[in-house]
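See structure below.
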Amino acid sequence: MGNLSLFAVLLLALVAFVHGGDMMRKSIVFDKKTPDVFYCPQQKPKSFDKLYVHAKPLSKLCEFDGKPPPKGYKSDCYHDLDETEYACKEKHRIMMRLHPPGALSEEESTKLDENKRVIKRVIKKIKKRQD
């Protein structure tokens with residue numbers, strides 16, 4: 001009976017550890033309404049119901065490309081959460097949502113719109129000459 005109890009305790013501890021780690025990973029929050037920032041906890045979260053986060057610039061998320069921060073670096077998030085492999089994958093996912101491949105930048109879009117207007121004017125002139 002003692003081995004069974006020990007096994008049950010170890011199993012519960014493992015489940016709590018895995019769940020706790022998963023909760024930490026999911027503590028990085030991104031909101032489409034505020035695309036320039038991400039949110040992360042400054043202290044260890046106790047539950048998702050009471051998860052207190054602070055806004056940090058998106059450029060600070062995974063700023064060291066998953067490498068350890070330099071010595072003396074003051075962490076942006078609890079336990080360097082913003083520099084984990086998960087944080088780097090999350091930043092990549094966020095950037096793909098904000099700037100999908102093949103999407104035009106605002107400047108390129110403006111130039112394209114101007115070019116379309118010029119082409120329409122040229123076509124109108126050509127049609128007038130043909131009439």
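Each reported figure results from applying straightforward, stated rules to the coordinates on display, with no laboratory input. Note that this is a predicted model, so its numbers are computed, not measured. Virtual Cβ from ideal backbone geometry, glycine too; neighbours counted across all protein chains shown.
Which entries of LYS32/LYS111; LYS56/LYS89; LYS50/LYS71; LYS33/LYS74; LYS32/LYS89; LYS32/LYS71 have Cα-Cα distances beyond 22 Å here? In this structure, LYS32/LYS111; LYS50/LYS71; LYS33/LYS74; LYS32/LYS71 lie more than 22 Å apart at Cα.
Note on HIS92 and ASP31: the model spin-label points, each 7 Å out from Cα along the C-beta direction, lie 2.7 nm apart.
Neighbours of MET96, meaning other residues whose beta-carbon lies under 14 angstrom from its beta-carbon, give a summed charge of +4 when Lys and Arg score +1 and Asp and Glu score -1.
Can you pull out the GluC sites (Glu not before Pro) in the range 40-102 that DSSP calls coil and that have at most 15 other Cβ atoms within 10 Å? Filter output for the range 40-102: empty list.
Working ranking of peptides 110-118, 51-59 by packing, defined as the average number of other Cβ atoms within 10 Å per residue, highest first, is 51-59, 110-118.
Seen from GLY66, the other residues with C-beta closer than 13 Å to its C-beta sum to a net charge of -4, counting Lys and Arg as +1 and Asp and Glu as -1.
Each of the peptides 28-37, 95-104 was scored by the mean count of other Cβ atoms within 10 Å over its residues; in descending order, highest first, they stand as 28-37, 95-104.
Look at where the Cα atoms of the range 35-63 and of the range 65-131 average out, and the two centres are 23 Å apart.
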